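The structure under discussion appears below in the form of structure tokens.
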Amino acid sequence: MPAKALNVLMTGAGAPGAPGIIKCLLSDPSINLLVADADPNAIGRYLHHQFIQVPMADDPQYTDKLLEICHDQKIDILLPLVTKELFPLSINKQAFELQGTKVLVSSAEAIRSSNDKSACYRFLQTKGFELPGFHIARTTEEFIHAAYELGHPQRSFCFKPSLSNGSRGFRVVSDSINESDELFKNKPFTVFITYAHALKILSSQAFPELLVTEYLPAEEYSIDCLAQNGEAKLIVPRLRTKMINGISVQGQFVNDNDIIDYCKRLISLIGLHGNIGIQLKRSASGKPLLVEVNPRVQGTIVAALGAGVNLPLLAIKQEMGLDIDPSELNVKWGTRFSRYWTEVFY
């Protein structure tokens, strides 16, 4: 890193992955890190002394406030973690750059193509990219038709809102689940729902646009990527062996050429940039297929530290045009990781 300290502003300091990303960034002494969040008690405030409260990402003054902060604090790099802020920041990248701040985010076109899950699938379909079977439902009738086309009731299927983040709104529809067992034997974090229950909920209010897909029954992977204007520089797949509330808590880094090549093509087609997250699952025949694209840092990106790569730091070095030693790209394949709770007192 350069002799001069780099001033980095990381937003989303209250996100589940924020502590790990702070850990990644503070591993380099030349990083002068500031963290920001709309919540005055965001966990990042108590993990790092330089904290700034900002408006919510959908506040009309959000971008202007960040421009002001970046100007006053002489920020070199802005690293956003919050899905809702990606598009407004992407369309204002030039305004930040004019005052000396680089924004680590993909182009507005790439963000638009990625954040809307249905639009993403439609776009990739036009490019001949291999995807799970899918339909887009805007009404109850279209949802019923999609379920039929995907093989219900013999086959399970999934749905999620076109616009959502995390695991919000995601469900696996299956009539083989035992609702009594789900209630009394499992903790209340299940993603499974019966067809009748799903229809009841979806019919009770305004119908949100849904991406309805075939259920992929085999292994699930999170892939942390470093991209430069549509060119994949590093792709690090990890098998998700245990999850809590949609967040990986155990896994293993795997050198899988099928997954790596699949992600390279996806990154190229959409034109993604910086730290990117891709979720895949294997089909019954073993093919890795897309679940979703996250055009931002993923929460479990810190796990790659244990496999020898610091992806947030690499993205910053790439953005600043700094040299990256080849050793910084060497992944220790086969590394396993576990994550667990710790406490912060304040």
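The values are calculated or read from the model by the stated rules, or taken from the named source; none is laboratory data. No experiment lies behind these values; they were computed from the predicted model shown. Cβ sites come from the backbone with ideal geometry, for glycine too, and all protein chains shown count toward neighbours.
Check region 115-122 and report whether any residue there is of a type in the set (Phe, Trp, Tyr) and within 30 Å of LYS287 (Cα to Cα). So far as region 115-122 goes, yes, one or more of its residues are of a type in the set (Phe, Trp, Tyr) and within 30 Å of LYS287 (Cα to Cα).
Filter region 272-321 for residues that are in contact with a helix residue (DSSP H, G or I) (Cβ under 7 Å, 6 or more places away or on another chain) and assigned to a helix (DSSP H, G or I); which is nearest to ASP256 (Cα to Cα)? The qualifying residue nearest to ASP256 (Cα to Cα) is ALA304.
Exactly one residue among ILE270, ILE301, ILE324 is free of Cβ contacts under 8 Å to residues at least 24 places away in the same chain and not charged (D, E, K, R), and that residue is ILE324. For region 59-76, taking the residues that are free of Cβ contacts under 8 Å to residues at least 12 places away in the same chain and in a helix (DSSP H, G or I), the one that is surrounded by the fewest Cβ atoms within 10 Å (Cβ to Cβ) is identified as ASP72. If the condition is being of a type in the set (Val, Ile, Thr) and either more than 21 Å from GLU328 (Cα to Cα) or in contact with a helix residue (DSSP H, G or I) (Cβ under 8 Å, 6 or more places away or on another chain) (or both), then region 220-255 contributes ILE223, ILE235, VAL236, THR241, ILE244, ILE247, VAL249. ASP58 meets the stated requirement of being modelled with pLDDT under 95 and more than 19 Å from VAL297 (Cα to Cα). Note on region 156-188: residues that are in contact with a strand residue (DSSP E or B) (Cβ under 7 Å, 6 or more places away or on another chain) and not polar (S, T, N, Q) total 12.
Of all residues in region 129-144, one or more are closer than 27 Å to LEU314 by Cβ and out of contact with any Cys (no Cβ under 8 Å at 6 or more places or on another chain). Any residue in region 258-268 that is more than 25 Å from LYS332 (Cβ to Cβ), out of contact with any Lys or Arg (no Cβ under 7 Å at 6 or more places or on another chain), aliphatic (A, V, I, L, M) and at pLDDT 95 or above? So far as region 258-268 goes, no, none of its residues is more than 25 Å from LYS332 (Cβ to Cβ), out of contact with any Lys or Arg (no Cβ under 7 Å at 6 or more places or on another chain), aliphatic (A, V, I, L, M) and at pLDDT 95 or above. Scanning region 272-298 for residues that are crowded, with 24+ Cβ neighbours inside 10 Å and among the charged types (D, E, K, R) yields one hit, ARG296.
Only residues that are surrounded by fewer than 17 Cβ atoms within 10 Å (Cβ to Cβ) and more than 15 Å from GLU219 (Cα to Cα) were counted in region 248-263, giving 2.
With a requirement of 2 or more residues that are crowded, with 19+ Cβ neighbours inside 10 Å, the helices (runs of 4 or more DSSP H) lying completely within region 118-223 that satisfy it span 140-149. Identification of strands (runs of 3 or more DSSP E) wholly contained in region 1-53 with 1 or more residues that are of a type outside the set (Gly, Ala, Ser) and farther than 21 Å from LYS84 by Cα yields 6-10, 31-37.
Selection within region 46-58: residues that are closer than 21 Å to GLU343 by Cα and free of Cβ contacts under 8 Å to residues at least 60 places away in the same chain. The member of this set that is surrounded by the most Cβ atoms within 10 Å (Cβ to Cβ) is HIS48.
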